[in-house]
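Only the coordinates and a few stated rules stand behind these numbers; no lab work does. Here the structure is a predicted model, which is why all the values come from computation and not from measurement. Using ideal geometry, Cβ is built from the backbone for each residue, glycine included, and neighbour counts are taken over all protein chains shown.
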Amino acid sequence: MLTRGRFTTLLAYAWVILILIWTIFPLYWLVITAFKPLDEFMTYPPTFWPSHWTLDNFVEGLVRQQGAKAIRDSLVIAMGTFIVSMGLGMPAAYSIARYKTGGMDLAFTVLSIRFMPPIVPVVAFFLIATKLGIFDTYGLLILVNSMVNIPFVIWIMKSFFEEIPYSIEEAAQVDGASWLRIVKDHVLPLAAPGLVAVSLFCFIFAWNELLFATILTGRHIQPFTKIVPGINIGHVEPHWGAIAALGLLVIMPIVLLAFYMQKYIVRGLSYGALRE
Amino acid sequence: MASIRWEHITKDFGTVVAVKDLNLECKDGEFLCLLGPSGCGKTTTLRMTAGLEKPTSGTIYFDEKPINHLSPRERNIAMVFENYALYPHMKVYDNIAYPLRLAKVSKDEIDRKVRRVASLLEIDELLDRFPRQISGGQKQRVGIARALVREPAAFVMDEPLSHLDANLRAYMRAELKRLQKDLGITTVFVTHDQLEAMTMADRVAVMNLGVLQQYGTPLELYGQPANVFVAKFIGEPPMNLIPCEAQEIDGTMHLVREGMDVILSDAWRQKVILQATSNQLLLGARPQHMLIHREGEVQLNGSRNILPGVVYITEPLGTEWLVRVRVGQELVHILSREAHSFELDERVYLEVPAERMFLFDAKTEKRIG
């Protein structure tokens, strides 16, 4: 039995290591490419470790290819989307959870917007935006990204608010709290794990978004997801080093955020199941 | 301090009428129990008093001032919830301090009051813990402490003892009653447990299906139940009710059913003639008041209220015996202090002392007398 147990453990470890290599390899490739000099990331066969480390690619990506501006554009859009989605989605979720606003089906109807592939409405958005004169503005991208995010916010936050026993809010009412005070003192703290997880997802969705960023922007707004395919050496050959450098820069904040808020996210996504 | 008066209170939720035309009063400093089975409207009444529900019609008065329009926080009422409703993300100290913080009481004052009420309820040791780290009985005391700390005009309590185990419940019953007497704060207490109502309350309002059945002191409810519902609800084991028929035979009134013939006194006869809507009656007797005789121990001369029956089962309860006797189709319960060793199916005679007998109209279910 002991040997079999040891063998199983060994097998499990081997499997996990295999999966880890499979998932981490692209990330590793991204990191080393970002720091390889120009001649090295183009060579064949490829090297698995930079012969010497350089920051040239970051300069190329951020300055010459205007990556810094692209990151700023993406940041404005992601932050704006986060604020609008949470600002509109949270009260809606509370209302649906607490007062059954819109009856049983409203939350699901809202969620069904998410079932639609974003490519479907994008042509309509393009036409509407050009007619309204808001094409190629931050506002437009924040608007359409929020439209996709709000159902997600409502759906997740609704279940969090439903988990808060109403008697807690009633107790606070009787204790003398105003509605705003109840939200601040009880509803938000008790929904905090959900709040953190949903906020993070809202930000990430908008940060990573490509389709709207490509079709609904012109010359003014250049989110990084849009400029990356255009980073070339000369006219055809992608500048892999600059692309990797930029890629590394844009995933860093997300990785750090997710790492820092890990415990909230895990609790957030498994809330109903684990609570007492 | 406040007196509370409910005047023509009706509350419906769509098609369901939770409370129907309730008229009730709780005097200043009094302990009022709202008693009834689940769904009788007692909790709805309490919630309307606290301001968590609005009456569909009628007016609630505090000290003769109508308060229907006031929100919960304007009423200066403290509530203890059935599930305690402690704030799970706050420590016990902060739970108790919360109402004071909302009232913008100074920090020192808060600290003084919280510690005083905590020592009163013997939860000083728990102030640093979170609600999830303390037991049910402790949570309940924290709930009471949170209500107490404000020194409110009135307490409303929604079955605060129902989730405690039997020992703790008995202990908290006495504690709560003593606390209420010491503080003299008007208290409205909701329960479905008649024992709680009987032991704790100054006055009890018995409700059923949204309608007030009777309002009085515990002893009034026990001694003079207004109707069959109250008679059955108050007292343990519940009152025996034996259907019978009133018949005039040669100028005397008899209560007759198969195997039973009870001759009524003239005073009872007058009451039955005046108050009964038909000759269908219910003979009521509390198990504690009935006597049980063996064959041959009693003279069947018709001067006493005797019901013949056969022993169904006997159960020793320690100090007393519960004897279940089959009288016709009915099972009648008798509590007896004497040790009995009845055979199963032994023939016995039950006596209902005339002064302990109740009569109810079988149609209206109202008490005659």
Amide H neighbours of B:Ala18 under 5 Å, counting only residues 5+ apart in sequence or on other chains, H built in-plane at 1.01 Å? B:Lys11, B:Asp12, B:Phe13
From the residues A:Ile243, A:Phe259, B:Ala285, which one has its Cα farthest along the dipole of the protein assembly as shown in the positive direction, the dipole being from +1 and -1 charges on Cβ of Lys/Arg and Asp/Glu about the Cα centre? A:Ile243
Positive-pole candidate from A:Gly87, A:Pro189, A:Phe115, dipole of the stretch A:23-274, charges at beta carbon: A:Gly87
Can you pick out the pairs among B:Lys11/B:Lys366; A:Lys69/A:Lys226; B:Lys27/B:Lys177; A:Lys100/B:Lys91; A:Lys184/B:Lys104 whose Cα atoms lie more than 21 Å from each other? B:Lys11/B:Lys366; A:Lys100/B:Lys91
Please work out the FRET efficiency for the pair A:Lys100 and A:Leu188, using the Cβ-Cβ distance as r and a Förster radius of 22 Å; give the result to the nearest 0.05. 0.55
Work out the length of the dipole vector of the stretch B:240-368 about its Cα centre, built from +1 on the beta-carbon of each Lys and Arg and -1 on the beta-carbon of each Asp and Glu, and round it to the nearest 20 debye. 440
Hey, rough spin-label estimate for B:Asp63 and B:Arg112, points 7 angstrom out along Cα→Cβ, what's it come to in nanometres? 2.3
To the nearest 0.05, how large is the calculated FRET efficiency for A:Arg114 and A:Ile19 if R₀ is 30 Å and r is the Cβ-Cβ distance? 0.55
At B:Leu70 and A:Trp179, where each label point lies 7 Å from the Cα along Cα→Cβ, what is the point-to-point distance in nanometres? 2.1
Check every DSSP H run in chain B and write down those whose alpha carbon atoms cover 15 angstrom or more along the long axis and whose mean Kyte-Doolittle hydropathy is 0.0 or greater. B:92-102
Using 20 Å bins from zero, what percent of all Cα-Cα pairs in the protein assembly as shown falls into each bin? 14, 30, 26, 18, 9, 3, 0
Amide H proximity to B:Met207 below 5 Å, modelled H, separation 5+ or other chain, gives B:Leu35, B:Gly36, B:Gln213
Take B:Val211 and A:Ile204, extend 7 Å from each Cα along the Cα→Cβ direction, and tell me the distance between the two endpoints in nm. 6.1
Chain A, Rg to Rh (Cα coordinates; Rh as Kirkwood inverse mean 1/r): 1.07
Between B:Ser341 and B:Lys27, how high is the FRET efficiency from 1/(1 + (r/R0)^6) when r is the Cβ-Cβ distance and R₀ = 56 Å? Nearest 0.05. 0.65
For the stretch B:32-138 the chymotrypsin sites (Phe, Trp or Tyr not before Pro) that pass both the DSSP coil test and the at-most-15 other-Cβ-within-10 Å test are none
